[in-house]
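One structure is given below, encoded as structure tokens.
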Amino acid sequence: MTPSTPQTGTTLAVKTIQLQPAMRTSQRFKGSDSWNDGSIFKNIVYKTRKGLENRTSLELIRSGERTAFSSDSLEYSDVHVGDLFRLTNRTDNVTVRITEQPYPTELISADEWSAFEGLDPSLHGALFGQKGYFQFRFELVNPSPIDPKWKPINGPTLVTQIGGSQPRRFRLPDKTTMEQDFALDLPETASYLLLGGPGTGKSVIALLRARRLARKRHPHKFLAFNQLLVHASKNLDAKTANNLNMTIRADTWIAWFRSTWRNLVGTACPHREHVFQIDWSAVRFQLDAKFPRGVAIPKPNESYLVIDEGQDMPKDFYEILVEMGYENIFVVADFNQILHQDSNSNYPDLCNALEKTASLRFSASASSKERFTVEHVVQLTYNHRNSYPVAQLARSFHITSPQNVPPNLPLTTRTAEVPVLEKYDGSEPEFLKIIRRILLTADSAPTKLIGVLCPDNEVRQRYKQAFEKAVLSLSNEKPRIDSYAKDDRVLPDFAFGGIILLNAQACKGLEFDYVVIADIDQFKCWPAIEDERRMLFYVMVSRAIERVIMIQNTANPCPVSVILPTDKNLLRG
């Protein structure tokens, strides 16, 4: 099925379906069909999860529930992403747009389904085991129209087609899986290391734990590696929060440390000469001078630290945190996403530092269970982000080690395209064809966010200028185009569709519907840094929810070709 977007005009094709109150078991009903092609729906079934029975369709849609239909698959051959459905019952009448392809769960085992949906496997046969069953993800289009006679919905009066970029689903999940719940519910008064690959939800758990601390009014700080990831995390938290007074306190680790250091010692944080890096030897010297043996260091202002992408902070940072008296540190990390080899922490580094935080709380005679042990290291294993083809491609760049176990592959039945390598000959006309295709993709899917990841500033600026100058006929207004470089004051909004151009190193921890890796021929690669390049491509590919497109200028040599998979089932083109 090819994604499509309804065209603006006098009438938008809308299927009207009358809903009964949702039940845990199926409710069958008839639906009237307003498609102009004359097709007819038969035996439509509407279901929901246990605990959401008797909710109105509007409540279900706002909760982010999948809405389910069951019929012969041939009867749904004309259903596409972007199609509109009108759902009605006695209390509401809403119009929704399909935002994901049909999801055929009859081909999925109970265990796979349970892991993906976060529900007990026993419900698979009872609720979702029928032949020909499909799920669709919807977004709400018109929240409260009044149309008691179910008349055809004319655009643009009830169905508002927003020009250019549109809001996308960007919020913390309403539900977590069993393994995520275990990590989320770990005690607050201890230190933990949460490991997980891309899409496992480790950053989500970090945010949810920070939100819980904020809700309880506990002094805390959520720390991330760079300003863009801090911004995205705060943006995500604000979009989810019902009370802005309960939003998290977040900052980059280095800005927070400098501020904390000045408040503690009274002087600026020492830096190495001619480089913008903290001089950790000088930090230790000044800390010992300020607080010699027998002089207690003041209790930290933040009792709790939550650290995202903790592998990217240097081990000295964690060792100094221990010396400063921090006892409750929750770190999430993925040691296969290390982009800065000279300034990172490895698995033993983090475990040693967190073990020392436990010694601050317990005496040397405390039992091993009270101290930092293997029980304080938790692993997330399931990939909830990527489509199966994207996850397969990402795994081809994975460097396996005991602490770098790749997440389980997602379900094979999620409809998605194999990642593509698009080549152009370096000429301006061919390059502009690539630019137009990206813009047309953004135009046809205005709720999708496209991340264009670039090897350097020169490539990013070239693509940015080409996007801005491109002239072509679009169904909507030109999509939003943001470009971000380090230290930019204006940060992109991840809650809307459009195009965001970033340097590759800045994409860690972010998530896009589609990822375009621009001019891969400009990435440097030689044997000594081959593993480092694999890690970078692993990070870039795994940012994508649905699709990955790599672009190569064939007029130049391509050093990274040595790490690209040759299997056409992984990378086509």
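The values are calculated or read from the model by the stated rules, or taken from the named source; none is laboratory data. Since the model is a prediction, treat every value here as computed from it, not as a measurement. In this analysis, Cβ positions are derived from the backbone assuming ideal geometry, glycine residues included, and neighbour counts consider all displayed protein chains.
A few remarks follow.
So that you can scan it fast, the table gives a plain yes or no per residue for (1) farther than 30 Å from V295 by Cα; (2) out of contact with any Ser or Thr (no Cβ under 7 Å at 6 or more places or on another chain); (3) among the β-branched types (V, I, T):
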position: M178; (1), (2), (3): yes, yes, no
position: A183; (1), (2), (3): yes, yes, no
position: S191; (1), (2), (3): no, no, no
position: P198; (1), (2), (3): yes, no, no
position: A224; (1), (2), (3): yes, no, no
position: A232; (1), (2), (3): yes, yes, no
position: T252; (1), (2), (3): no, yes, yes
position: R262; (1), (2), (3): no, yes, no
position: V265; (1), (2), (3): no, yes, yes
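- Among the residues of region 279-296, those identified as among the aliphatic types (A, V, I, L, M) and at pLDDT 90 or above are A282, V283, L287, A289.
- Failed condition for C507, given (1) within 20 Å of Q166 (Cα to Cα); (2) in contact with a strand residue (DSSP E or B) (Cβ under 7 Å, 6 or more places away or on another chain); (3) surrounded by 16 or more Cβ atoms within 10 Å (Cβ to Cβ): (1)
- If you check D519, D513 for being under 21 Å from I435 (Cβ atoms), buried (at least 22 other Cβ atoms within 10 Å of the Cβ) and out of contact with any Phe, Trp or Tyr (no Cβ under 7 Å at 6 or more places or on another chain), only one passes: D519.
- For region 359-409, filtered to residues that are outside any loop (DSSP other than H, G, I, E, B) and farther than 25 Å from Q180 by Cβ, the residue that is modelled with the lowest pLDDT is R361.
- Tally of residues being of a type in the set (V, I, T) and either more than 26 Å from V405 (Cβ to Cβ) or touching a Gly at 6+ places or on another chain (Cβ under 9 Å) (or both) across region 291-328: 4
- Of the criteria (1) touching a Pro at 6+ places or on another chain (Cβ under 7 Å); (2) surrounded by fewer than 20 Cβ atoms within 10 Å (Cβ to Cβ); (3) of a type in the set (D, E, K, R), which one E532 fails: (1)
- Counted residues, region 505-530 - those being among the aliphatic types (A, V, I, L, M), at pLDDT 95 or above and not in a loop (DSSP other than H, G, I, E, B): 4
- Selection count where residues are in a helix (DSSP H, G or I) and among the hydroxyl-bearing types (S, T, Y), scope region 531-569: 2
- Region 410-420 - residue that is aliphatic (A, V, I, L, M) and at pLDDT below 90 and, of those, nearest to Q311 (Cα to Cα): L411
- Matching option when the condition is in contact with a strand residue (DSSP E or B) (Cβ under 8 Å, 6 or more places away or on another chain), surrounded by fewer than 19 Cβ atoms within 10 Å (Cβ to Cβ) and touching a residue at least 24 places away in the same chain (Cβ under 8 Å), among L502, L491: L491
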